[in-house]
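Just below is one structure, and these are the notes that go with it.
The values are calculated or read from the model by the stated rules, or taken from the named source; none is laboratory data. Because the structure is predicted, anything quoted here is derived from the model rather than measured. Cβ coordinates were reconstructed from backbone atoms using ideal geometry, including for glycine residues, and neighbour counts include every protein chain displayed. Each accessible area value is taken on the protein alone, full model and side chains, heavy atoms only, with ligands, DNA and RNA left out. Shrake-Rupley method; radii C 1.70, N 1.55, O 1.52, S 1.80 Å.
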Amino acid sequence: MKKVVAFLGSPRPNGYTAKLVEKVLEGAKAAGAEVVTYSLNDEGIKGCQGCFYCRNHADCATKDKLYPMYEDIKSACGIVGGFPIYFGTVSGQAKLWIDRMYPMLGDGHVPRYPGKKAVMVYAQANGDDNAFADAIRTNNSLVKMWGWELTESLLVYGDVSPGYTIPQELLARAYEAGRKLVE
């Protein structure tokens with residue numbers, strides 16, 4: 001069975017980031033994937049310690065709640081990242097995860113686990129969908145640096161309006177993106 005691993009970088013378990021990621025995972029499950037989800041807001045997750053253990057190992061010296069992700073990523077066909085934009089960049093929880101992804105690169109910064117597909121989901125309160133395009137572009141470039149194919153980048157924006165709901169077109173794109181992770 002194929003596996004998709006999701007990382008939720010929002011402290012809001014029922015927020016727009018989580019809702020859109022869930023739609024991506026619904027598509028992956030419908031295509032037959034096993035899904036593993038990590039909440040990056042969980043207690044017991046530490047940041048990178050800058051020890052460089054990962055330069056000689058394919059994992060991290062920090063054995064916390066995030067540690068199993070290295071084996072999950074290694075065995076996955078698809079990765080989903082769900083990150084809200086706070087103050088012009090990804091949340092602190094997401095940044096912590098990004099720093100812990102250094103083991104994805106081996107000697108000479110060569111990707112250790114290339115060939116995976118990735119879907120990135122972002123949410124921002126700002127109603128201008130280009131307001132934080134640089135932050136999204138930067139984060140998406142990391143996916144490519146890890147040797148993964150960015151198959152979809154989805155953005156929920158302007159979500160602080162009273163009565164806001166995620167547009168059906170975006171939910172449909174998310175579902176389809178999840179299915180395509182498994183193909």
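How big, on average over all directions, is the shadow cast by the Cα convex hull of the range 1-56, in nm²?
5.5 nm²
Looking at the range 1-119, send over the antiparallel percent of its DSSP beta bridges, to the nearest 5.
Approximately 20 percent, going by the DSSP bridge assignments.
Excluding ligands, DNA and RNA, what is the solvent-accessible area per residue of the chain at a probe of 1.4 Å, expressed in Å²?
In whole numbers, the chain has 48 Å² accessible per residue.
Taking the Cα centre of the range 34-141 as origin, work out the dipole magnitude from +1 charges on Lys and Arg Cβ and -1 charges on Asp and Glu Cβ, in debye rounded to 20.
My answer is approximately 280 debye.
On a full-extension model of 0.36 nm per residue, what is the gain between residue 107 and residue 31, subtracting their alpha-carbon distance, rounded to one decimal in nm?
Contour length minus Cα-Cα distance gives 23.9 nm.
Most fluctuating residue of 26, 149, 43 in a GNM of the chain with Cα springs under 10 Å: which is it?
Greatest mean-square fluctuation among the candidates belongs to 43.
Return one quarter of the surface area of the convex hull spanned by the alpha-carbon atoms of the range 59-125, equal to its mean projected area, in nm².
So the Cα hull casts an average projection of 5.3 nm².
Under the classification rounded if a/c is under 1.5, otherwise prolate if a/b is larger than b/c and oblate if not, where does the range 124-183 fall, given a ≥ b ≥ c as square roots of the Cα gyration tensor eigenvalues?
Oblate shape, in that a/c is at least 1.5 and b/c is the bigger or equal ratio.
What distance in nm separates the two pseudo spin-label positions at residue 133 and residue 65, each 7 Å out from Cα along the beta-carbon direction?
Going by the 7 Å Cα→Cβ label model, 3.7 nm.
From the C-alpha gyration tensor of the range 39-168, pull out the three semi-axes of the equivalent ellipsoid (sqrt of 5λ each), sorted largest to smallest, in whole Å.
Over the Cα atoms of the range 39-168, the semi-axes work out to 28, 16, 13 Å.
Express in % the proportion of alpha carbon pairs of the range 23-104 at distances exceeding 16 Å.
The proportion of pairs with Cα distances above 16 Å equals 57 percent.
If you roll a 1.4 Å probe over the range 1-137 with all protein chains in place, what percent of the accessible area is carbon or sulfur?
52 percent
Show which lysines lie in cross-link reach of residue 95 when reach means a straight Cα distance below 21 angstrom and same-chain residues fewer than eight apart are skipped.
The qualifying lysines are 19, 46, 63, 65, 74, 116, 117, 144.
Tell me the relative contact order for the chain as a rounded percent, counting alpha carbon contacts under 8 Å between residues six or more apart.
Taking the mean separation of contacting Cα pairs over the length of the chain, I get 30 percent.
Under the 0.36 nm per residue contour assumption, what length would be gained going from the current alpha-carbon distance of residue 125 and residue 176 to full extension?
In short, 15.9 nm is gained.
What is the extension gain from residue 52 to residue 161, computed as 0.36 nm multiplied by their sequence separation minus the C-alpha to C-alpha distance, in nm to one decimal?
34.8 nm
Counting Lys and Arg as +1 and Asp and Glu as -1, what is the net charge of the other residues whose Cβ lies under 11 Å from the Cβ of residue 158?
-3
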